[in-house]
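Derivation of every value follows stated rules applied to the coordinates shown; laboratory data play no part. In this text, all values refer to a predicted model and were calculated from it rather than measured experimentally. Heads up, the Cβs are rebuilt from the backbone with ideal geometry, glycines too, and the neighbour counts pull from every protein chain shown.
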Amino acid sequence: MVALAETEASSLRIQQVSKSFPAPEDPLTRRPALSNISFSVAAGELVSLIGPSGCGKSTLLRLLAGLDFADAGELLIGSEPISDPSAERGLVFQDPNLFPWLTVRRNIQAGLVARGVLREKREEVNEFMRLVGLGSFANAYPHHLSGGMAQRVALARALINHPKVLLLDEPLGALDAFTRMRMQDEVLRLWQARRTTMLLVTHDIDEAIYMSDHIMIMTPRPGRIDRTISVALDRPRQRSSPDFLRLRGDILEFIHFAGNASTENKS
Ligand SMILES: Nc1ncnc2c1ncn2[C@@H]1O[C@H](COP(=O)(O)OP(=O)(O)OP(=O)(O)O)[C@@H](O)[C@H]1O
Ligand SMILES: [Mg+2]
């Protein structure tokens, strides 16, 4: 278990990052998606990103994953500039994207096989399957799994690479409300076991409050960080405690205000 308890996290720093895309109506002009974004996430923190659809949350995660390039600004993991994809930055999407023809075990170890390190990591695959509660499903195929189980495979598949940062793009968005709450506890448990830095995109304000150290609220497109709220509640958090509900009310009010101000900007 030593390997699982290691602290492997890195900080993230985003400095004055902008990104635009060709406008769909006129590909010769560019339309800004992110405008001069700056923020940082300390090593081992869990930070949520919330904001209206189209404000650039996935774009930002793709830049951090190294899948796309910024027009301007700097993205750093620790003190290293991010220039290309790397196993040190894991990415989990709403859709678990499992290989349907591979068993749970083979899905989880696919990255290790690709990197040619399976032989020395085989025992770790077993540990990760236990960590996400799928030890007895090693030989099951994705179509045998519930949505929550499939998403746990996706999390294990990302974590097995020992990422220094885990980028989560609405990873629980497709789950029903009860499974989602259970999975929030699962992700928190993994985070507490590994202390991986996590950046979580979510549309669910309760999820953001329940899980995060800080919540960053983005403006409508072109996205900027409008406000960062620190969640100073002890864990495990009580979803119906007065402090939780007060924070929820504050955020809802803030977003409502941001929403009203944004109607003319909507695409
Ligand atoms: N590859 C692309 N080509 C052109 N435009 C793009 C591309 N990717 C994103 N965009 C545009 O950039 C803006 C931000 O998109 P993005 O997917 O980052 O939003 P989002 O905040 O993740 O939204 P949602 O909450 O709906 O997932 C949108 O206006 C989108 O149309
Ligand atoms: Mg998105």
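Computed values, structure above
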item: For the chain, built as a Gaussian network whose Cα springs stay under 10 Å, the top-fluctuating residue of Leu166, Leu247, Leu34; result: Leu247
item: Check: the chain dipole with +1 on Lys, Arg Cβ and -1 on Asp, Glu Cβ, in debye; result: 480
item: Spatially proximal aspartates and glutamates relative to Lys57 (Cα-Cα < 12 Å; intrachain offsets below 8 disregarded); result: Asp169, Glu170
item: Theoretical ellipticity at 222 nm over the chain - DSSP helices of four or more residues, -39500 (n - 2.57) apiece, nearest 500; result: -11500 deg cm²/dmol
item: Centre separation in Å (Cα based) which lies between the range 146-209 and the range 71-115; result: 14
item: Residue order, fewest to most beta carbons within 10 Å, for Glu45, Glu123, Glu207; result: Glu123, Glu45, Glu207
item: Sorted by Cβ neighbour density within 10 Å, fewest at the top, the residues Thr196, Thr103; result: Thr103, Thr196
item: Residue range of the chain that is longest and free of chymotrypsin sites (Phe, Trp or Tyr not before Pro) which are both DSSP loop and sparsely packed (at most 12 other C-beta within 10 Å); result: 102-267
